[in-house]
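Notes to accompany the following structure.
Taken together, the values in this text are just the output of simple stated rules run on the coordinates, not laboratory data. Source: prediction; values computed, not measured. So basically every Cβ, Gly included, is an ideal-geometry build from the backbone, and we count neighbours across all protein chains shown.
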Amino acid sequence: MSAIRANSVLPARREQLTLHTGDGLDLVGELALPANREPVGTLVCLHPLPTHGGMMDSHVFRKAAYRLPALADLGVLRFNNRGTWSQQGRSEGAFDNAIGERFDVMAALEYADFYDLPNVWLVGWSFGTDLALMYGLDPVVQGAILLSPPLRFSSPADLLRWAEDGRPLVALIPEFDDYLRPAQAYERFAPVHQARVIAVPGAKHLWVGDAERVLEQIVEVVAPSVPLPLPREWDGPMEMADNRVYNAKNWPTSQ
């Protein structure tokens, strides 16, 4: 048995892919699926603000792709929004203040629909939560999980659309978030009767040191039959990724 560390890569079927947007851009992405089974669910990951370091390789999403196909039988689809760069490559276009990014979200959901990926959940983080709220009510989507939602680009009207639709909405709110703390979040999400707001003690906006808690909460929602807590050790093949370019502590504090 070997300990699962921050840069541990567990077995999965991994495919580098290109998403094609409705306005003519190519986006860099990756799909990770369980190595020998079909997934019980699929996470479509919407990353934090790219102008402040957000990307498909932001640490929570990277760890989800490295671990959850093996530990929870989940598929993980992550991609760089327009104009966003990571070690995986650069997507075409330029950051568009959550306007053109509508086409990015749609491209990812169209891919999931075309390839019959099951039980699709949006997982947004920071800026990605705004995209989920604004553009996530697509027929293929079962619900959304929001990590550190700032509610900056989305509006109360977007929350009301989710309330009227009734699909599940789960918001993980760090106790020491820079933008929206638990007391404010309970108030802001109150109109969404089905919203589940979870305050996470001791956590901060970037979830540094708290990725395991986030991953387990995601698994609890999307794959409730998977036993928790997730294993901290792995008895099988395991690779180690280069972690140097992904250090979330190097991000600016503004998201």
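Taking 0.36 nm per intervening residue step and subtracting the Cα-Cα distance, what contour gain separates residue 92 from residue 36 on full extension?
On the way: separation 56, 0.36 × 56 = 20.16 nm, distance 3.31 nm.
So the extension gain works out to 16.8 nm.
With the Cα gyration tensor of the stretch 130-253 in hand, convert its eigenvalues to equivalent ellipsoid semi-axes via √(5λ) and list them largest first in whole Å. Provide the component values of the computation, followed by the final result.
On the way: eigenvalues 149, 72, 40 Å².
So the three semi-axes of the stretch 130-253 are 27, 19, 14 Å.
Residue farthest toward the positive end of the dipole of the stretch 14-223, with Cβ of Lys/Arg at +1 and Asp/Glu at -1: which of 176, 54, 205?
Highest projection toward the positive end goes to 176.
Once Rh for the stretch 118-166 is found with the Kirkwood sum over Cα pairs, what is the Stokes-Einstein diffusion coefficient at 37 °C and 0.692 mPa s, in µm²/s?
On the way: Rh = 10.7 Å.
After rounding, the answer is 307 µm²/s.
So who's got an amide H within less than 5 Å of the one on residue 171, skipping anything under 5 residues away but keeping other chains? H placed 1.01 Å off N, in plane.
It is 146, 196, 197, 198, by chain and number.
At most 13 other Cβ atoms within 10 Å and a DSSP loop assignment: could you name the chymotrypsin sites (Phe, Trp or Tyr not before Pro) in the stretch 164-237 that fit?
On the way: sites: 176, 179, 186, 189, 207, 234; in loops: 176, 179, 189, 207.
Loop-located and lightly packed - 176.
Suppose every Lys and Arg Cβ carries +1 and every Asp and Glu Cβ carries -1, with no other charges. What dipole size does the stretch 14-223 come out with about its Cα centre, to the nearest 20 debye?
The dipole of the stretch 14-223 has a size of about 440 debye.
Please list the equivalent ellipsoid semi-axes of the chain, computed as the square roots of five times the alpha-carbon gyration tensor eigenvalues, in descending order and whole angstrom. Walk me through the intermediate numbers first.
Values: eigenvalues 121, 89, 70 Å².
Working through the eigenvalues yields semi-axes of 25, 21, 19 Å.
Can you give me the P(r) profile for the stretch 77-207? Cα pairs, bins 10 angstrom wide beginning at 0, each as a whole percent.
13, 42, 35, 10, 0
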